[in-house]
1. How big is region 123-163 in terms of Cα radius of gyration and Dmax, in angstroms?
2. Give the peptides 206-217, 243-254 in descending order of average Cβ contacts within 10 Å, highest first.
3. Is the C-alpha gyration tensor of region 87-185 telling us rounded, prolate or oblate? Criteria: a/c under 1.5 is rounded; beyond that, a/b larger than b/c is prolate, otherwise oblate.
4. Short version: ³J(HN,Hα) in whole Hz for each residue of region 200-205, in order, from phi by Karplus 6.51 cos²θ - 1.76 cosθ + 1.60 (θ = phi - 60°), x for Gly and Pro, what are they?
5. Using a 7 Å offset from the Cα along the Cα-to-Cβ direction at both ARG218 and GLU204, what is the distance between the two label points in nm, to one decimal?
6. Where does helix 263-274 land angle-wise versus the long Cα axis of the chain, in degrees 0 to 90, nearest 10?
7. For region 214-226, in order, what is each residue's ³J(HN,Hα) by Karplus, 6.51 cos²θ - 1.76 cosθ + 1.60 with θ = phi - 60°, in whole Hz (x at glycine and Pro)?
8. What is the spread of the Cα atoms of region 183-290 along each of their three principal axes, largest first, in whole Å?
Amino acid sequence: MNLASFPDTLRFGHKNDPLYLEFDRRRGHYSMATDHYHREYELYYLFSGQRNYFIKEDVYQVQSGDLVFIDSHAVHKTSDSGAPHHERIVLYFSPSYFDDLTTEERDLLLSPFLLEFPLLRLNYQEQQQIEGLLGTLLTELNEQQPGYRLRITQLAGELLLYTARSLLKRESLPRQESSSVQRKISEIVRYINLHFAEPLELEELSLRFYISKSYLSRMFKQVTGFGFAEYVNLTRVKEAERLLRETDYSITHVSELSGFDNFSHFGKMFKRLTGVTPREYRRGHQNKVT
């Protein structure tokens, strides 16, 4: 496959469609600028370059030929690994993409997203198969011949099926060795994820985990891609979204349960991270407890 024949950017669909995809060729150093989680299942493939990928609680070093699976609503962020330039494709599968499948078919296609270890390092044969599917997909998107939308949807399904079957053939996925700093930051992230409803201050965590405040702040950003306060707020807003969807608690109570000690700050942070107010979010999600 000759990626050079494609433009630097290709897009298919829209964010709210059952299937949406992005292809990007990025030159120089690049890190995601925004906090990131969404209801879609995300399949990420790195054609070239190297990336750091923070997912849930751990950071992974992604290299060309790697597939990454991001579960629905999992916090994640890619960041610069120190090596410039990369080419990647991301496919976003909305839950509605799987609506017409049987339970068995749906479970099979979603199985890669539910693994504890979210990175699949492909062997040469698998890499050729995956890049063949993706190359055909990008060609369809670039040329836009009659029926290209149907073909892209089919190819996306083939991609999911191939990866799910490949994983079934493996007894286990190899874990990457992480550095002592990465293990320490992962430990701190797990603590935040469990104690977000409590007061969380950088100084208190630096004492708890025997690491200086300035070093913790710097390493947290370097390893996860998030600033400390940024990640705490993101985790709290994510919990607030869940409570707004799944309970009929008052918005004030939701704010308190999510760890915000100031209602005004909660409203501003929620709007900044989600684009809507808590009340607007609840109106758009009617899955209330009855």
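Throughout, read-outs are computed from the coordinates displayed, never taken from laboratory work. Fair warning: this is a prediction, and the values are worked out from it, not measured in the lab. Ideal geometry is used to build each Cβ from the backbone, glycine not excepted, and the neighbour counts take in all protein chains shown.
1. 10.6, 34
2. 243-254, 206-217
3. Prolate, because a/c is 1.5 or more and a/b exceeds b/c.
4. Result, ordered by residue: 10, 10, 4, 5, 5, 5 Hz.
5. Distance between the two pseudo-spin positions: 2.6 nm.
6. Once rounded, one gets 10 degrees.
7. With coefficients 6.51, -1.76 and 1.60, one gets 5, 5, 4, 4, 5, 6, 4, 5, 5, 7, 8, x, 9 Hz.
8. Principal axes ranked by extent give 45, 24, 22 Å for the Cα atoms.
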